[in-house]
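The values are calculated or read from the model by the stated rules, or taken from the named source; none is laboratory data. On a predicted model such as this, the values are computed, not experimentally measured, just so you know. Because the Cβ atoms are built from the backbone with ideal geometry, glycine has one as well, and the counts that use them run over all protein chains shown.
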Amino acid sequence: MTIALIVIIILAIILIAIFNGLVQSRNRVDEAWSDIDVQLKRRYDLIPNLVSTVKGYAAHESGVFEKVTAARTAAMSAGSMQDKLAQENALSGTLKSLFAVAENYPELKANQNFLQLQSDLTDTEDKIQAARRFYNGNVRDYNTKIQQFPGNIFASLFGFAKREFFGIDEHGPEAQPVKVQF
């Protein structure tokens, strides 16, 4: 009788440990996504100032400005995780085209405000990349836990779902090199 009770207690402890491990991993993924969100918000705040500065020098490049503005709006209003990932990749691609336009205007490249905004945006992009790596590492660990035995049993019972990586669309604008024409 006592052996059966000890086995039940050990199994209960193991189940609790597995469940708590899954919760902890899920929370780490959510925290990592929050880190990305903070940097994306910072990028969203920088873009209008950058566009305004470039507009002052390259007013006839309105197509580029419209694309950047539309991509920013789409990224900010994206709903699902997959949509958010796609919109963020598109926004990164349009920002590359904005910087390509700036290359055609030497006086713009010498403007202190533009240089500071460009530096801030570059710093933000670097932080987004670091946050992406952190997020993807946590997603890898979480997905591994919910796919390995015996965690997969409890993951399906308690609704722990696989998370998507925040990657670059290999065929999207972010993965393509920017064409600069003079």
Could we say that residue 29 is surrounded by fewer than 14 Cβ atoms within 10 Å (Cβ to Cβ) and either part of a helix (DSSP H, G or I) or without any contact (Cβ under 8 Å) to a residue 24 or more places away in the chain (or both) here?
no
Would you mind stating whether residue 103 is touching a residue at least 12 places away in the same chain (Cβ under 8 Å) and touching a Lys or Arg at 6+ places or on another chain (Cβ under 9 Å)?
yes
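Yes/no per residue for (1) touching a strand residue (DSSP E or B) at 6+ places or on another chain (Cβ under 8 Å); (2) modelled with pLDDT under 95; (3) hydroxyl-bearing (Ser, Thr, Tyr):
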{"residue": "112", "(1), (2), (3)": "no, yes, no"}
{"residue": "124", "(1), (2), (3)": "no, yes, yes"}
{"residue": "128", "(1), (2), (3)": "no, yes, no"}
{"residue": "143", "(1), (2), (3)": "no, no, no"}
{"residue": "146", "(1), (2), (3)": "no, no, no"}
{"residue": "155", "(1), (2), (3)": "no, yes, no"}
{"residue": "165", "(1), (2), (3)": "no, yes, no"}
Let me confirm something: among 97, 25, which residue is at pLDDT 90 or above and small (Gly, Ala, Ser)?
25
Residue 80 vs. criteria surrounded by fewer than 13 Cβ atoms within 10 Å (Cβ to Cβ) and over 13 Å from the mean Cα position of the chain (by Cα):
no
